[in-house]
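Before any comments, here is the structure.
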């Protein structure tokens, strides 16, 4: 495993062309596998969404656990959501005003009702550690081959990848077959590289929550050579 440590990098002022639009929402529950249904509902409510290359959405994950409840994993299981749960779209600046028209709408997510509330803009972070729950992957590749593919894709974007960890795999049900994904954490990113990766994403499927990164806690403690 490649694991090289550098001095922490200071944040610099970087112009942001992409931001997150975070909506309050009222929804009792959703299926664990809601990627396709949510994407279709957003595209119906915002006709430009599907054709906007820089637009994407973050899937609604919910809490991992709480009060004896553990988040289910099966596709047909239900996620029970709190009022703190948010609906987040990642959008170019010129689409923000149009996206705010979602507020007040009620979306049908595969038969489940989601009422969209007030919206707030959230700038992207320059954090050096980013995490994506779903990167579209080849199910025939093992983890090492997947990481090799990721590194090659990042290099084409001009991003140097020094630390990456592959996580859990997942399958989404789509009308034309399953979509296979893997989670991915990338660390030690320069501020500009962090912003670029969040803005551009990695791979396909950003309209269904794939390829989009969010800031994550530091992973220095996961260094295999660190003292215990």
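Confirm whether residue 167 is at positive phi and either loosely packed, with under 13 Cβ neighbours inside 10 Å or touching a strand residue (DSSP E or B) at 6+ places or on another chain (Cβ under 6 Å) (or both). So residue 167 does not fit the description; no. If you go through the stretch 34-57 one residue at a time, do you hit one that is assigned to a strand (DSSP E or B) and either surrounded by fewer than 16 Cβ atoms within 10 Å (Cβ to Cβ) or at pLDDT 95 or above (or both)? Yes, the stretch 34-57 contains at least one residue that is assigned to a strand (DSSP E or B) and either surrounded by fewer than 16 Cβ atoms within 10 Å (Cβ to Cβ) or at pLDDT 95 or above (or both).
The condition of being within 24 Å of residue 194 (Cβ to Cβ), within 21 Å of the chain's Cα centre (by Cα) and free of Cβ contacts under 8 Å to residues at least 12 places away in the same chain holds for only one of 156, 120, that being 156. One residue stands out among those in the stretch 172-184 that are out of contact with any helix residue (DSSP H, G or I) (no Cβ under 9 Å at 6 or more places or on another chain) and at pLDDT 95 or above: the one that is nearest to residue 213 (Cα to Cα), which is 183. Screening residue 195 with (1) buried (at least 16 other Cβ atoms within 10 Å of the Cβ); (2) assigned to a strand (DSSP E or B); (3) modelled with pLDDT of 95 or more gives one miss only, at (2).
The values are calculated or read from the model by the stated rules, or taken from the named source; none is laboratory data. Values in this document were obtained by computation on a predicted structure and should not be read as measured data. Using ideal geometry, Cβ is built from the backbone for each residue, glycine included, and neighbour counts are taken over all protein chains shown.
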